[in-house]
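Visitor: Starting off with a structure, shown below.
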Amino acid sequence: MDKGDHCAIEVFDTRHKAAATHRAGLHRLFALQLEKRLNLIRKNLPDIKQICLSWAATGTCESLKDDIIHAVIERAFLADGSDIFEREAFEQRLERGSRHLGKYASDICRALKPVLADFNALIADINQSTLPASDDIKTHLYDLVYPGFVAQTPWQWLRQFPRYLRAARLRFERLQHAAAKDDERAAQLAPWMDRFENLLRDGRATPQSEIRWMLEEYRISLFAQEVKTAMPISQKRLEQAFSAVEKT
């Protein structure tokens, strides 16, 4: 961090990889500076026993605790997206963000408790269904909730998961009497998902890029309009967002 520090220079083939590596390094530095305090927070996460019970079919309790602490660090110190290159900036961010660690851990646990309960209930119902589109809904759910999702999902979107799960529930319930309409809506979504996969393969987007969450909102607009979207969304807006990234 100091100007006199010696460091190796590593070259990356995409700016996303370079930014991710820099961010991971900062994350480790913050974790080391606050190791004792973070360990205490980890031991006293609210409702963690019940949360871990809901998580048991997906992953281990210890890994979930690690992910929660990871998410706390991200939200406290790195959520604004600005880079840190100097020691002074690091120490300022450390002092400012460390005030909120306990609150952020509580926020995450409070959000996870209903999300995991709703996720498990919906997966159980889908497993009883023989309708072909049920598999598509299940795939979508596992794209949302998977080992590591707490650490990898920005807080601003993690707090939207109840809406995403409610929309998925409504879509599933409508399958029983409107399978043809569901197929039509899925066909409208598919080309956009394919384009996003292409961006991921090319390294021009990451799984947490803004476009990924635009697609979640577009999914709501197709399958569960009454849930309401968190942003104005349309095919025109998607085209503008994709074109901007594809041109880079």
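The values are calculated or read from the model by the stated rules, or taken from the named source; none is laboratory data. Quick caveat: nothing in here was measured; it's all calculated off a predicted structure. Neighbour counts are summed over all protein chains in view; Cβ atoms, including those assigned to glycine, are modelled from backbone coordinates with ideal geometry.
Visitor: For the stretch 148-184: of the residues being surrounded by 18 or more Cβ atoms within 10 Å (Cβ to Cβ) and basic (K, R), which is farthest from I73 (Cα to Cα)?
Guide: R171
Visitor: For the stretch 92-133, how many residues meet the condition of being of a type in the set (K, R), out of contact with any helix residue (DSSP H, G or I) (no Cβ under 9 Å at 6 or more places or on another chain) and free of Cβ contacts under 8 Å to residues at least 12 places away in the same chain?
Guide: Selection size over the stretch 92-133: 1.
Visitor: Restricting to the stretch 212-248, what's the tally of residues that are in a helix (DSSP H, G or I) and of a type in the set (V, I, T)?
Guide: Counting residues in the stretch 212-248 that are in a helix (DSSP H, G or I) and of a type in the set (V, I, T) gives 3.
Visitor: Let me ask you something else. So, in the stretch 202-248, of the ones that are among the basic types (K, R) and at pLDDT below 95, which residue ends up surrounded by the most Cβ atoms within 10 Å (Cβ to Cβ)?
Guide: R204
Each row is one residue, and each column tells you yes or no for (1) under 18 Å from A71 (Cα atoms); (2) among the hydroxyl-bearing types (S, T, Y); (3) surrounded by 17 or more Cβ atoms within 10 Å (Cβ to Cβ); (4) touching a Pro at 6+ places or on another chain (Cβ under 7 Å).
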residue	(1), (2), (3), (4)
Y104	yes, yes, yes, no
D107	yes, no, yes, no
A117	no, no, no, no
L122	no, no, yes, no
L131	no, no, no, no
Y142	no, yes, no, no
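Visitor: Further question: Report yes if I68 is touching a helix residue (DSSP H, G or I) at 6+ places or on another chain (Cβ under 8 Å) and over 28 Å from W213 (Cα atoms), otherwise no.
Guide: Judged against the criteria, I68 is not a match.
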